[in-house]
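Contents: one structure, followed by commentary.
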Amino acid sequence: MYDIAPDHAIGLLAGLIAAPLAILAVRLSRMHRALPGTVQIACVLMAVTAVIHLALIPHHLGEDPITAVLFLGNGIAFLALAAAPRWRWWRLASSAMLVATILGYLFYVDFRVEGPDQVGLATKLVEFAALGMVLVPVRDERPMRDRSWYWALLATGLPLLLLVSGSGVWVEALAHPDTRHVHAGALLQSTNSVPSAEQQAAATQLYEQTAAAIAPYEDWHVAWAAGYRPAGSVDMPSTHWFNKAYEKGPVMDPRHPQGLVYANTHHGPVLLGAMFQMPRIGQFGPDPGGPLTAWHQHENICFSIVGLEFSLMTPYATCPVGAIDLTAPAMLHVWIVDNPTGGPFAVDIDPKVVAALDRT
Amino acid sequence: MSETSRPEAAFVLLLMQATFWLLAGVSALPFVLGGEPYMLLLAAFSMALAALGVWSGVGLVRRRGWARRTVLVVEWICLAGTLLQLALPIGANRGPVSLLVNLVLPAALILLLRGRSMRARFGTGSRRAA
């Protein structure tokens, strides 16, 4: 959802080239200049989305000719609408076309014909803006659409469509992440798919060394004395504790892990495992166990300084007001408690394991 | 003075921006249930800002001076915050959606509402200006 599908990059490029040309064309056109600014903006935006759709045809032609034909129809229709804003049925046709295109994308994403990506979402934003510009009444307009019920319909309809589309895309992205995005916001390191015997042995060694080295931290007082501090709410089922002294290294040293993970149980913190973290963003660590010890990087997380809490960025790239969007440096967990769903190096600990510890 | 549709265009963009804030606010709520109580504060703040966005949008359509001033202040803050976030080495998202929503949208709103002629059209904020 936060990536640009390589096949769609051409659409983005075409849209970027089309935007200034469309603005220029509208500014040079006497017919367009005589129309309200909202109509001019709508024409520019429809021309941009038309060009994006047309640019994506060659890619779809081979593997999905139906989509290619739909894109061709879309492109031609939007270009025609951008060129003929004086047509009697322009508003009706434009809004119908825009709504159909937006819902069509949602259908494609939710029925998994296509994965959501940045080009698709950005194009939808352009279309949403165009739809608003087509529908918004302007002063001195004939026929007059400046009625209370019309404004109310616009002020509820457009946000509702945005919310439905955003939520639909988000639910799909969370429910069916791609192979490298193990869960929302976590990007897995690329590795070979089947571990070799050497990688298996190296992973076992890393596990054993780490489990032995962090054993004293089962008493959280020892961890505290060593400089580890909770880095977030202790009201959550589990909390990462970080040691600032190891922030810049060493890298993947079992004796000096950057973090420890504790379950917050009713009888106090219970050690779940260690966490190694790289000093810089965008750098994965050494991977002795191949696919068994793949690092992961949390991207597009919303971090709030108030309470040191996290949430996830929306498909529209917004965080709750007051939170900042950031990426955490790559990390690797070593779970010293049994983690039946993912194993000792899984991205997440099984919530059932944490719940069971709380019950004991 | 001839009529302009810039405030109506700004209304549309504000409506979109308010929806983005609303969704961001709603997205924080599951984390409140998961044990992050302060996220409730951020969710409430986001939703309040969304409401302010819609209210200011309505004010723009009615040519209220306070609405124009409010939107300009909020958008400058948004723009500065985004630029700061992009400048800092924190791995903030730089994808096209993020740039459109957090950079182009506030910049477009500022461009639509700034300038002496727009200020003259909005007057001082009293109802007489409408």
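Among residues that are assigned to a loop (DSSP other than H, G, I, E, B) and facing chain B (nearest Cβ under 8 Å), A:Ile281 is included. Pull up region A:125-140, narrow it to residues that are at the interface with another protein chain (Cβ under 9 Å from one of its Cβ atoms) and either of a type in the set (D, E, K, R) or assigned to a loop (DSSP other than H, G, I, E, B) (or both), then point me to the one that is nearest to the chain's Cα centre (by Cα). Only one residue tops the list, namely A:Val136.
Looking at A:Pro315, is it at pLDDT below 95 and either over 28 Å from B:Leu99 (Cα atoms) or not in a helix (DSSP H, G or I) (or both)? It is true that A:Pro315 is at pLDDT below 95 and either over 28 Å from B:Leu99 (Cα atoms) or not in a helix (DSSP H, G or I) (or both).
Restricting A:Thr38, A:Thr67 to those that are over 23 Å from B:Glu3 (Cβ atoms) and among the polar types (S, T, N, Q) reduces the list to A:Thr67.
Where helices (runs of 4 or more DSSP H) fall wholly inside region B:1-113, the ranges with 3 or more residues that are more than 7 Å from every other protein chain (Cβ to nearest Cβ) are B:6-33, B:38-61, B:65-87, B:105-113. The residue that is nearest to the other protein chains (Cβ to nearest Cβ), counting only those in region A:142-166 that are touching a Ser or Thr at 6+ places or on another chain (Cβ under 9 Å) and surrounded by fewer than 18 Cβ atoms within 10 Å (Cβ to Cβ), is A:Leu163.
Within region A:291-304, restricting attention to residues that are within 9 Å of another protein chain (Cβ to nearest Cβ) and part of a strand (DSSP E or B), which residue is nearest to the chain's Cα centre (by Cα)? Among those residues, the one meeting the criterion is A:Cys302. Of the residues making up region A:246-263, just one is without any contact (Cβ under 8 Å) to a residue 40 or more places away in the chain and outside any loop (DSSP other than H, G, I, E, B), namely A:Tyr246.
One line per residue, one yes/no per condition, for (1) in contact (Cβ under 8 Å) with a residue 24 or more places away in the chain; (2) within 19 Å of the chain's Cα centre (by Cα); (3) outside any helix (DSSP H, G or I):
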{"site": "A:Phe71", "(1), (2), (3)": "no, no, no"}
{"site": "A:Ala96", "(1), (2), (3)": "no, no, no"}
{"site": "A:Phe107", "(1), (2), (3)": "no, yes, no"}
{"site": "A:Pro116", "(1), (2), (3)": "yes, yes, yes"}
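Do you know which residues across region A:305-324 are surrounded by 23 or more Cβ atoms within 10 Å (Cβ to Cβ), at negative phi, under 14 Å from the mean Cα position of the chain (by Cα) and at the interface with another protein chain (Cβ under 7 Å from one of its Cβ atoms)? Scanning region A:305-324 gives A:Ser311, A:Met313, A:Thr314, A:Tyr316, A:Thr318, A:Cys319.
The values are calculated or read from the model by the stated rules, or taken from the named source; none is laboratory data. The structure displayed is predicted, hence computed values, not measured ones. Positions of Cβ are backbone-derived with ideal geometry, glycine not excepted, and every protein chain shown enters the neighbour counts.
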